Amino acid sequence: MPALVGTVQLQVAAEYSTAEPFAVTLTFPTEPVEAEWVLSRELLNEALNTGTAGIGDVRITARGDLVVLALSTPDGKGVAIFRRDALAAFVSLTYLMVPAGAESDVLDWSAAAEMFPGVSFG
């Protein structure tokens with residue numbers, strides 16, 4: 001999906017997988033290495049529906065036809081501007097794949113059990 005980063009238009013890859021039902025991944029084609037951000041799909045949806053979402057390192061503002069994604073790390077800050085309709089279409093598709101509230105039904109709990117031996121996930 002196209003995004004404006006600074007004064008440059010980039011094609012940002014937006015990905016969603018039922019293996020990580022709570023998250024979406026945005027990959028920015030930057031040099032020399034791609035920048036990948038994993039965000040809560042609920043956070044994106046909240047911004048699209050209410051106009052703002054996020055605190056700290058990730059802040060999203062949706063106004064009119066645009067969505068502004070502000071990201072920060074100890075190494076720097078960045079802002080990407082997306083067309084609201086493109087981002088909304090992507091987020092809507094994720095909810096068709098896994099409806100809100102059904103994330104735990106599709107989550108692979110075996111991976112969590114391996115990370116936290118002796119903890120029950122059921």
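Numbers for the structure displayed
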{"item": "Formal net charge of residues neighbouring Glu20 (Cβ-Cβ distance under 10 Å; K, R +1; D, E -1)", "result": "-2"}
{"item": "For the chain, built as a Gaussian network whose Cα springs stay under 10 Å, the top-fluctuating residue of Pro21, Pro74, Pro29", "result": "Pro74"}
{"item": "The chain: most fluctuating residue of Glu34, Glu103, Glu42 per GNM, C-alpha cutoff 10 Å", "result": "Glu34"}
{"item": "With every protein chain in place, the stretch 1-69: carbon and sulfur % of accessible area (1.4 Å)", "result": "53"}
{"item": "The chain - Rg over Rh from alpha carbon coordinates, Kirkwood radius", "result": "1.01"}
{"item": "Using alpha carbons only: equivalent-ellipsoid semi-axes of the stretch 8-69, gyration tensor based, whole Å", "result": "20, 16, 10"}
{"item": "Normalised contact order of the chain, rounded percent, pairs of Cα under 8 Å and 6 or more residues apart", "result": "21"}
{"item": "Accessible solvent surface per residue of the stretch 77-122, calculated while the other protein chains remain in place, 1.4 angstrom probe, Å²", "result": "68"}
{"item": "Heavy atoms of Asp105 accessible to a 1.4 Å probe, total area in Å² rounded to 10", "result": "130"}
{"item": "Top of Ala35, Ala23, Ala70 by mean-square fluctuation, Gaussian network on the chain, Cα under 10 Å", "result": "Ala35"}
{"item": "Two-site label geometry, Arg83 and Leu4: point separation in nm, points 7 Å out along Cα→Cβ", "result": "1.3"}
{"item": "Between 0 and 90°, nearest 10: helix 41-50 axis offset from the chain longest Cα axis", "result": "50"}
{"item": "Calculated diffusion of the stretch 40-111, Stokes-Einstein form, Kirkwood radius summed over Cα pairs, 37 °C and 0.692 mPa s, µm²/s", "result": "246"}
{"item": "Arg59 accessible area, 1.4 Å probe, all protein chains in place, Å² to nearest 10", "result": "120"}
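The values are calculated or read from the model by the stated rules, or taken from the named source; none is laboratory data. Model, not experiment: these values are computed from the prediction. A quick note on method: Cβ atoms are made from the backbone with ideal geometry, for glycine too, and the neighbour counts reach across all protein chains shown. Just the protein is used for accessible areas: all its heavy atoms, side chains included, with ligands, DNA and RNA removed. Shrake-Rupley method; radii C 1.70, N 1.55, O 1.52, S 1.80 Å.
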